[in-house]
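**Q** Got a structure for you, written out below as structure tokens; questions coming shortly.
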Amino acid sequence: MADFAPESVAFAAGHYIGGANVGDGERIPVARPSDRVDYAELPVADAATVDRAVNDAARAVRDSGWASRPPRERARAMRRWADLIEARAEELGRLEALGSTRPIAQAVTGDVASVAEGLRFFSEWADKLGGEVAATRTDQLGMIVSEPYGVVGAITPWNFPLSMASWKVGPALAAGNAMVLKPSELTPFSTVRLAQLAVEAGIPAGIFNVVQGTGAVTGDALSRHPGIAKLSFTGSTRTGIAVMKAAAESGIKPVTLELGGKSPQLVFADADLDKAAACIAGSLLANAGQACVAGSRLIVQAPVAEALVAALRSRLSSVTPGPTWKAATGFAPIISEPQARRIDAIVTRSREQGAEIVMGGGRIEGHHGAFYQPTLIGNVRADTAAVREEIFGPVLTIQTFVDEEEGLALADHPEYGLAAGIYTRDLGRGLRAVRRLQAGTVWVNRYSRTLDFILPTGGYKSSGIGKDLGRQAVEQNLRHKTVLIDIAG
Ligand code: NAD
């Protein structure tokens, strides 16, 4: 992997509607997280532009044969799309790295590679979920027929722009829908390239459309549009509530929500501490903690707390921050100055509540972008700001417990339930904890996703409704029609 010059990356800075680049709307500046330079202007789609995209998508569903042609043809087009993405991995990776927090080496070999393979996974479901025949009287035939919704809307966050887009568009298209997707206004451009490549691969124009803009204008218009039959959102819990409300106010449509988290890392005294430290540090450093599943609350059994914290300190002490266009960069910048200030404000508030900064606790100076030190915070309580609030930065709080019951009670968060890590060599204890923890994903003696896209991801409690990935994600893009036929002679 080589360094690249940010100015060398070309991209289409607008919407992508009906297979064409469109530039309608008032413009807002877009900054590079790595150096805070405004590098492009983004048009904001208003209700009329969103309407145009939804209508184009509806027309494409009706006229292109995408939903009506043999499902295996859809699957083939999606596989060609995945192949194209893989062939353009360097180009897509540069575009992703240019405008997001993803360092180029990780963007190419991690994000883009996983997007291509994920789309292949989804393509394989195109002809697998047609429905069921029901057990009825023999002079009747009862069927449950799966049908696509038509036009599905999606809204994605900034932290893994290409991956998040692929998790929405993959299942929607495999099921025979068209999509109108609004990426985050902070990281808007790589998603357009993804859509252009879809058309190049033979997916009909208008099946995958991208509208650009802010949440308040474009996201709200998309959530309220009556032509959107189903809505899929990934972002913060606060915005998820607004999206659900807007969708409900404008008519009934199913809404799936992938929201925030405050996930615990529960370490028992019998755990392999080296392995636990590697997993916990890895989760904290990945995208500098700007990941929904970041394991940001360490809950460790008292006898091993000191040893584990020492192991963590040593693993967190050498990071390689830098611009995302340098191949050597391993530690991501914080997405924006306001977000860096927000991290700092929560750390400061926690200190004022009596917390002790064990490590870090401030900016990494000497860079053009905003970077935050890997930070450990001790002497916290359940109501300390850093324990309660999703920080979205490389900050880990430390709480200790005496017995299993206390550990499990501390691990449960009153609001969030996205993921949890458990570290123990005792199988029974591990399985008891799996049963008890209120989380959509529980990792035992590991902490991260794999390329096993068959495993769905999604939250309990205020961390969300529904699943991305897995068979479940495709099922959520289908609705079911009950058919009962009288076949008596
Ligand atoms: P955010 O909620 O600020 O924004 C997400 C998206 O919603 C953006 O595209 C934004 O423009 C849009 N939006 C904002 N206001 C809107 C409104 N009123 N109506 C419609 N759309 C609106 O989140 P973010 O800062 O981009 O991303 C970080 C958050 O995303 C974190 O909370 C993180 O946990 C969450 N996240 C969750 C998952 C998951 O799988 N559960 C994955 C990634 C990120």
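**Q** Where a ≥ b ≥ c are the square roots of the eigenvalues of the C-alpha gyration tensor, would you call the chain rounded, which needs a/c under 1.5, or, failing that, prolate if a/b is larger than b/c, or oblate?
**A** Oblate.
**Q** Further question: Go through the range 91-102 residue by residue and turn each phi into a ³J(HN,Hα) via Karplus (6.51, -1.76, 1.60, θ = phi - 60°); whole Hz please, and just put x for glycine and proline.
**A** 4, 5, x, 5, 5, 5, 5, 3, x, 10, 8, 8
**Q** Another question about this same structure. For a 30 Å ceiling on Cα separation, which of these pairs sit above it: Lys182/Lys467; Lys128/Lys262; Lys326/Lys467?
**A** Where the Cα-Cα span goes over 30 Å, the pairs concerned are Lys128/Lys262; Lys326/Lys467.
**Q** What is the set of long-range amide H partners of Glu26 at a cut-off below 5 Å, with H atoms built 1.01 Å from backbone N?
**A** Those lying under 5 Å, H to H, from Glu26 are Val44.
**Q** So, one more: Taking the DSSP beta bridges in the chain as the whole, what percent of them are antiparallel, to the nearest 5?
**A** DSSP beta bridges in the chain are roughly 45 percent antiparallel.
**Q** Taking the Cα centre of the chain as origin and charging only Cβ (+1 Lys, Arg; -1 Asp, Glu), how large is the dipole, in debye to the nearest 20?
**A** Rounded to the nearest 20 debye, it is 540 debye.
**Q** Arrange the following residues from fewest to most other Cβ atoms within 10 Å of their Cβ: Met359, Met164.
**A** Fewest-to-most Cβ neighbours within 10 Å comes out as Met359, Met164.
**Q** To the nearest 0.05, how large is the calculated FRET efficiency for Gln140 and Ser64 if R₀ is 60 Å and r is the Cβ-Cβ distance?
**A** 0.95
**Q** In deg cm²/dmol, rounded to 500, what helix-only [θ] at 222 nm does the chain give when every DSSP H run of at least 4 residues adds -39500 (n - 2.57) and the total is split over its residues?
**A** Computed mean residue ellipticity for the chain: -11000 deg cm²/dmol.
**Q** Here is a follow-up. Positive end of the dipole of the chain, charges at C-beta (+1 Lys, Arg; -1 Asp, Glu), about the Cα centre: which of Ile364, Val9, Ala126 has its Cα farthest in that direction?
**A** Final value for the positive-end residue is Ala126.
**Q** Positive end of the charge dipole of the chain (Lys, Arg +1 and Asp, Glu -1 on Cβ, about the Cα centre): tell me which of Ser166, Leu312, Asn21 has its Cα farthest that way.
**A** Of the listed residues, the answer is Ser166.
**Q** So in the range 264-452, what percent of DSSP beta bridges are antiparallel if you round to the nearest 5?
**A** 15
**Q** Further, regarding this structure: Using Cα centres only, tell me the gap between the range 1-72 and the range 416-433 in whole Å.
**A** The two parts, judged by their Cα centres, are 42 Å apart.
Every read-out reported here was derived from the displayed coordinates using simple, explicitly stated rules and does not represent laboratory data. Everything quoted here is computed from the prediction, not taken from an experiment. Every residue, glycine as well, gets a Cβ built from its backbone with ideal geometry; the counts of neighbours run over all protein chains shown.
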